[in-house]
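Working notes, beginning with the structure itself.
The values are calculated or read from the model by the stated rules, or taken from the named source; none is laboratory data. Computed from a predicted model, the values in this text were never measured in an experiment. Cβ coordinates were reconstructed from backbone atoms using ideal geometry, including for glycine residues, and neighbour counts include every protein chain displayed. Accessible surface areas use protein heavy atoms only, side chains included; no ligands, DNA or RNA. Shrake-Rupley method; radii C 1.70, N 1.55, O 1.52, S 1.80 Å.
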Amino acid sequence: MLIPWPTARVFAYAKSTDMRKSFSGLVGLVETELGQQVEDGGLFLFFNRRRNAMKVLFFTGDGLAIFYRRLERGTFELPQAIAASPEAAGVELKLSDLALILAGIELASVKHRKRWRPQSASA
């Protein structure tokens, strides 16, 4: 079971990924396509073309780990941000979006209620 820490950043790779890729291949995509470093502590999502399989690559502090999930029926829904910007290599998601994707909940039907957020430093 995947239990991420509350401050984890989540990145979804926008293009379909060959699920035969393992640690080195996925790290290469993270660094070259997404411009991120795996060691910085993010969760990196990769989906196959049919969207019935997903890999999550993450750094555990002393090495890499891959969480692999394949659905027997149905597909994973990709975030709308990926469809909205097809030229982008990937998008950053909220941790709650990852939970919804894993649970099979339609992201478009989810309504977020207003919450207090601290003002950004640039404001």
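Would you be able to say whether some residue in segment 16-36 is part of a strand (DSSP E or B) and surrounded by 13 or more Cβ atoms within 10 Å (Cβ to Cβ)? No, that holds for no residue.
The set of residues in segment 37-63 being within 16 Å of Thr75 (Cα to Cα) and open to solvent by 50 Å² or more (accessible area, probe 1.4 Å) consists of Arg49, Arg50, Arg51.
Does Gln119 satisfy the criteria of being assigned to a loop (DSSP other than H, G, I, E, B) and either under 16 Å from Arg9 (Cα atoms) or among the hydroxyl-bearing types (Ser, Thr, Tyr) (or both)? I'd like the intermediate steps shown before the answer.
Details: assigned to a loop (DSSP other than H, G, I, E, B): yes; either under 16 Å from Arg9 (Cα atoms) or among the hydroxyl-bearing types (Ser, Thr, Tyr) (or both): no.
No; evaluated as a whole, the condition is false for this residue.
Name the residue that is modelled with the highest pLDDT, counting only residues in segment 72-87 that are open to solvent by 30 Å² or more (accessible area, probe 1.4 Å) and aliphatic (A, V, I, L, M). My answer is Leu78.
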